[in-house]
Amino acid sequence: MTSSPKRALTTGAVALTTAGLMALGLGAASAHVTVAPASTTEDGYSQLTFSVPNESETAATNKLEVTLPTGQPFTSVRVKPVEGWTAEVVSGALPEPVTTDDGATLTEAPLSVVWTAEPGAEISQQQYQTFSISVGRLPEAGSTVMLPATQSYTDGDVVAWDQETVEGGEEPDKPAPSFVTTAAAEGEDAHGGHTATDTAETAEAIDAEQAATSTDTGSSSAVGWVGLVAGLLGLAAGVTALARTRRKA
């Protein structure tokens with residue numbers, strides 16, 4: 001049985017509405033400040049890359065502060081430059097002295113890293129920025145390294161990403177960036193088998209991969225939207241033609 005023009009028009013309207021709702025849902029997921037370690041091997045060095053999205057609809061992100069561990073402090077912290085941002089490694093006294101595996105006693109260590117945007121370099125709406133540091137040495141395998149972050153906005157709002165994520169539990173509203181250290185894989189030395197050159201090459205590879213992902217995502221997104229618009233226009237034209245044919249019949 002042939003569908004009537006009215007039914008065809010109704011079906012087209014439903015299809016258009018569904019497509020619109022799907023498009024709106026693409027941006028529904030929330031974003032957090034996260035950390036991606038290049039390596040998690042105990043007693044080794046790693047590049048830690050923080051991804052910072054702007055979640056405000058009215059202001060821009062102009063400052064990020066990451067708090068470093070004090071129970072098992074890093075003895076080395078280096079910052080990768082970010083264009084338009086200044087970075088400072090803040091060192092100070094530890095709450096309690098810490099004895100390292102080689103018998104040394106630490107009373108001071110890097111406590112935090114602070115990035116501040118220069119005018120015009122802030123993270124605006126629908127944008128994100130990455131910030132990287134090279135740290136070492138990582139604590140023993142199975143240790144959770146928490147790196148609470150504080151994100152500041154141009155309107156004075158401050159968001160603390162400092163809540164602990166419990167394995168098997170629900171994710172908190174403002175989870176702190178964190179990762180778990182692992183044992184050295186077979187074939188690696190006690191320090192994870194990473195030399196300074198290895199670390200630099202790993203950092204470059206990660207940057208290249210992130211740049212490619214960003215480019216591919218942007219291109220795919222643009223192509224997807226063009227395809228969606230073309231499809232909707234085609235659907236509307238088809239429905240209109242069908243309705244005219246039925247009226248002539």
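Here, each number is a calculation from the coordinates, and none is a lab measurement. Since we're looking at a predicted model, the values are computed, not measured. Glycine also receives a Cβ, built like all others from the backbone with ideal geometry; neighbour counts cover every protein chain displayed.
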What is the order of 85, 161, fewest Cβ neighbours within 10 Å to most? 85, 161
Find out how many positive minus negative residues lie around residue 126, taking Lys and Arg as positive, Asp and Glu as negative, among other residues whose Cβ is under 15 Å from that of residue 126. -3
Decide, for region 34-189, between rounded, prolate and oblate: order the square roots of the alpha carbon gyration tensor eigenvalues as a ≥ b ≥ c, take rounded if a/c falls under 1.5, and otherwise choose prolate if a/b is larger than b/c, else oblate. prolate
Between residue 102 and residue 127, what is 0.36 nm times their sequence separation minus the Cα-Cα distance? Round to one decimal in nm. 4.6 nm
What order, most packed first, do the peptides 47-56, 115-124 have when packing is the mean number of other Cβ atoms within 10 Å of each residue? 47-56, 115-124
Pull out a ≥ b ≥ c, the square roots of the eigenvalues of the alpha-carbon gyration tensor of region 54-143, then state rounded if a/c is under 1.5, prolate if not and a/b is larger than b/c, and oblate in the remaining case. prolate
